[in-house]
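The values are calculated or read from the model by the stated rules, or taken from the named source; none is laboratory data. None of the values given here were measured: they were computed from a predicted structure. All Cβ positions, glycine included, derive from the backbone under ideal geometry; neighbour counts span all protein chains shown. All accessible areas refer to the heavy atoms of the entire protein, side chains included, with ligands and DNA or RNA removed. Shrake-Rupley method; radii C 1.70, N 1.55, O 1.52, S 1.80 Å.
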Amino acid sequence: MATLSASASAQAGTPGHPHSAQLTETLLVALLLAVAGYCALFVAPTEATMGLIQRIFYFHVPSWWSAFVAFAIVLVSNLAYLRSRNPKWDWLGVSAAEVGVAFVTVGLVTGPIWAHPVWGIWWTWDARLTSAFVLWVLYVSYLLLRNLIEEPERRAVISAVFGIFAAVDIPLVYFSIWFFRTQHPQPVIGDGGSLDPTMGKVLLLCWAAMLGILVLLVRQRYRVEALRWDVDRLRLDAARNGNESGAR
Amino acid sequence: MAFARPTAILLGKELQTEFRTRELLTTTVVFVLMVLVLFSFTFDPTSVESRRFAPGLLWLTLLFAGSLMLHPSFTREQTNDTLAALRLAPIDPTAILAAKILANGCFLLVAEALLLPIFAALYNLHVGRVLGRFCVVLILGTLALATIGTVFSAISSQARMRELLLPLLLLPVLTPALIASTEATAGLFDDTPYLSPQWVGLLVAFDAIFLTVTWLFGEYLLEE
């Protein structure tokens, strides 16, 4: 039954079917992104000490927030999969993990671009930066693990368990590195307390745009994963049948 | 009781299998020794400086050794499909994992007991005066390594490229345990030795949290 519903849900994105709703959504997110980009570059006031480079803040911070939303979805999907064994949770989990890794990568790349002119260095082994890097490695290994297990059901169960271990590890990583690095100066990143109200509004608008991208990407990736599940199943069945006829 | 007895029996089986050949133990001890000697080429191991590096070296080496030695834990069950036989037994599947965690912890501790005097001599450390406290750190750190290592060995044994996969999964998740054990050990080898409650606390928390997660979700890994 799962495969049937998979095919049905996957069909929605194939050419020849009406996908005007999808197009409308994409256009809406693109519009939101354009407005958010305009506000970040022209509406938000220029920061007093850092100047124009501070505007990267409107892309950097929302990427991180969106990444955390994505990883929260991964954890919920992993738990739900183990409870229900509905493959849809597995598809959602991997989709959110990939999109989350993409957002973390954006965060890790925009961070040094911002840091270099402001702090004078590309990277510092500060608690937040180091744990962000470990977070990236954890979810990249989650995705690698999935690539290395062929049978769809085993892949779903095993990666769900690993995903739970990874999620439980994140606060421990943060605390240990925070204890470890407390003697170092703490760079202030996006100090909410002294944020200009216009800056705050633009930041939220940018986050909304990023979340729009997140939803679009996760949905698209989910369709692909549903199709891949079917293909993997068929391939395994074919291999088994081939072995049987070969044995005869 | 329903959990303790099968665990004890399976632990006996794991220890017996290993002590018949002592393959894992000998390779681990030789591997660690080799890495410690290789490290000595990267800096002067007789200097006072070495005391600063020694705790980190020790734990990194143990971590690397663990990522190699824990790998056969499940793969050697696959050769004759003995894991299927274990799963057929009318016992809590978590007992299989618990026995393997305990057995791997024992192997690692035996290897550490053999290596510690050599390590102390090579790097000129005064282990004697902090031995009791050092054992606490060793046991807690080893438990962290054995727990995560055994669970991830069950994970990697079901995938392709399993030899490469285990360290890849293990090392990032063990980051907090590595930092805590290294820092706690560094405190013990300070001029005025002290056992940092902060780092021991973190190790205890790490062990407790992951043992609980293993108890809750470990059995899913042994399905089918």
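Give the range A:110-130 a look and list any residue that's open to solvent by 30 Å² or more (accessible area, probe 1.4 Å) and outside any helix (DSSP H, G or I), or say none.
Matches in the range A:110-130: A:G120, A:I121, A:W122, A:W123, A:T124, A:W125.
Being touching a Cys at 6+ places or on another chain (Cβ under 9 Å) and in contact (Cβ under 8 Å) with a residue 24 or more places away in the chain: is that true of B:A111 here? Working first, answer last.
Numbers: touching a Cys at 6+ places or on another chain (Cβ under 9 Å): no; in contact (Cβ under 8 Å) with a residue 24 or more places away in the chain: yes.
Considered against the rule, which asks whether it is touching a Cys at 6+ places or on another chain (Cβ under 9 Å) and in contact (Cβ under 8 Å) with a residue 24 or more places away in the chain, B:A111 comes out as no.
If you scan the range A:141-153, which residues turn out to be under 23 Å from A:A70 (Cα atoms) and surrounded by fewer than 17 Cβ atoms within 10 Å (Cβ to Cβ)?
Matches in the range A:141-153: A:L143, A:L144, A:N147.
Has the range A:93-104 got at least one residue that is open to solvent by 30 Å² or more (accessible area, probe 1.4 Å) and among the β-branched types (V, I, T)? Please lay out each step first, then the result.
At the first step, the residues of the range A:93-104 found to be open to solvent by 30 Å² or more (accessible area, probe 1.4 Å) are A:98, A:102.
Subsequent filtering for residues that are among the β-branched types (V, I, T) retains none.
Among the residues of the range A:93-104, not one is open to solvent by 30 Å² or more (accessible area, probe 1.4 Å) and among the β-branched types (V, I, T), which makes the answer no.
Within the range A:160-170, count every residue that is facing chain B (nearest Cβ under 7 Å) and among the hydrophobic types (A, V, I, L, M, F, W, C).
The qualifying residues number 6.
Looking only at the range A:73-92, which residues are within 14 Å of chain B (Cβ to nearest Cβ) and assigned to a helix (DSSP H, G or I)?
If the condition is that a residue be within 14 Å of chain B (Cβ to nearest Cβ) and assigned to a helix (DSSP H, G or I), then A:L75, A:N78, A:L79, A:A80, A:Y81, A:L82, A:R83, A:S84, A:W89, A:D90 are the ones that fit.
For the range B:5-90, which fully contained helices (runs of 4 or more DSSP H) count at least 1 residues that are in contact (Cβ under 8 Å) with a residue 40 or more places away in the chain and under 28 Å from B:L203 (Cβ atoms)?
Numbers: elements: B:23-39, B:49-69, B:72-78, B:82-88.
Correct list: B:23-39, B:49-69, B:72-78.
Within the range B:114-135, take every residue that is farther than 25 Å from B:G201 by Cβ and under 18 Å from the mean Cα position of the chain (by Cα) and give me the one that is most open to solvent (accessible area, probe 1.4 Å).
Result: B:L114.
Would you say B:N124 is more than 14 Å from chain A (Cβ to nearest Cβ), on the phi > 0 side of the Ramachandran plot and of a type outside the set (A, V, I, L, M)? Give the derivation first.
Details: more than 14 Å from chain A (Cβ to nearest Cβ): yes; on the phi > 0 side of the Ramachandran plot: yes; of a type outside the set (A, V, I, L, M): yes.
Against the criterion (more than 14 Å from chain A (Cβ to nearest Cβ), on the phi > 0 side of the Ramachandran plot and of a type outside the set (A, V, I, L, M)), B:N124 qualifies.
Of all helices (runs of 4 or more DSSP H) completely enclosed by the range B:140-224, which ones contain at least 1 residues that are at pLDDT 90 or above and either over 17 Å from A:A166 (Cβ atoms) or more than 11 Å from chain A (Cβ to nearest Cβ) (or both)? Before you say what the answer is, go through the steps one by one.
On the way: elements: B:162-173, B:175-188, B:197-217.
So the answer is B:175-188, B:197-217.
Every residue in the range A:67-102 that is among the charged types (D, E, K, R) and within 10 Å of the chain's Cα centre (by Cα), please.
We begin by selecting, within the range A:67-102, every residue among the charged types (D, E, K, R); these are A:83, A:85, A:88, A:90, A:98.
Scanning the range A:67-102 gives a single hit, A:E98.
Which residue out of A:V202, A:V157, A:V173 is at pLDDT 85 or above, more than 10 Å from chain B (Cβ to nearest Cβ) and open to solvent by less than 20 Å² (accessible area, probe 1.4 Å)?
Numbers: A:V157 fails: more than 10 Å from chain B (Cβ to nearest Cβ); A:V173 fails: more than 10 Å from chain B (Cβ to nearest Cβ).
Unique residue meeting the criteria: A:V202.
I'd like to check something: does the range A:137-144 contain any residue that is in contact (Cβ under 8 Å) with a residue 40 or more places away in the chain, more than 14 Å from every other protein chain (Cβ to nearest Cβ) and part of a helix (DSSP H, G or I)?
Checked the range A:137-144: no residue is in contact (Cβ under 8 Å) with a residue 40 or more places away in the chain, more than 14 Å from every other protein chain (Cβ to nearest Cβ) and part of a helix (DSSP H, G or I).
All but one of (1) farther than 17 Å from A:L23 by Cα; (2) open to solvent by less than 50 Å² (accessible area, probe 1.4 Å) hold for A:E244, so report the exception by its number.
If we test A:E244 against (1) farther than 17 Å from A:L23 by Cα; (2) open to solvent by less than 50 Å² (accessible area, probe 1.4 Å), just (2) comes out false.
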